[in-house]
Amino acid sequence: MSVALPMLHEEGPLAVDWQGEPIRCDSCPCSRAENAARCEPGRACVQDRYSLRITRFFGWNPRHADQFLTHPYFEVRAIAARHANLFRLSSLLSDPDETVRGSVATRVPQGLLRRLVNDPHREVRVRVAQRLMPPSLVAMLKDPDYYVRVWVARRIPHTFLPRMAEDAESEVRAEVAERLSPGALGLLSRDPDPRIRRVVARRAPATLLGALALDPAWEVRWEIARRGSERLCEQLSLDPEVEVRAAAEERLAELRAPATPERPMQ
């Protein structure tokens, strides 16, 4: 007769199985002599529903991961997927639980990863966007979730960045502004978000600075005052904002200081 053993636990919740029932070591497949695993009830156990103890079990026994890829508890499948044979993971691409699919997305080869581009859960698609080879990220340019697009903007080849300059989310456009080639920053010079125009002002070529010196946001004008020409800084030294005037005066002093071997002309 199977006997339920009392479980000691060193941390976390009471040690019970994924259905809340007492853990039965004598019926565990890993307790058989031919399949013996290193475990410690209450600390490292594949039957426990506490994810930390499952994680510890597979950390100690990675060779057992393959046999648990069809376990009814999603946490077991997800954690086993981190250690299982790569050739066994394709069956989990359509797992009903997004945690499992997300775990799979961190490991599968690129060919299989592309099959998760349109996964219904945003966390899975975020992981895809973090790993997919940059040229393949074009398929995610219009992803419905802004954070997925943030990752796309961080990694997509520069050739495709201009297509993201009109993204509806400012967080995405901010990533675009940081990566666009300086010559293409004019696409964002009139962005409605002053934070993005400030990035443009910090990175733009000299030909764009004149227009940005008239920007309504003082933060943008401050950036121009820190790197503008003598003419622009003279203009900004009369700015209504004290921070902009101070930056312009400091820049003018630098520009007008005599050149020395230690300090070449700017």
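Each value in this text was obtained by applying a stated rule to the coordinates, not by laboratory testing. On a predicted model such as this, the values are computed, not experimentally measured, just so you know. Cβ coordinates were reconstructed from backbone atoms using ideal geometry, including for glycine residues, and neighbour counts include every protein chain displayed.
Checking each residue in region 40-86 for being in a helix (DSSP H, G or I) and polar (S, T, N, Q) picks out S51, T55, Q67. In region 103-117, the qualifying residues are those that are under 24 Å from M164 (Cβ atoms) and in contact with an Asp or Glu (Cβ under 9 Å, 6 or more places away or on another chain), and the one that is surrounded by the fewest Cβ atoms within 10 Å (Cβ to Cβ) is V117. Scanning region 155-168 turns up at least one residue that is small (G, A, S) and more than 28 Å from R115 (Cβ to Cβ).
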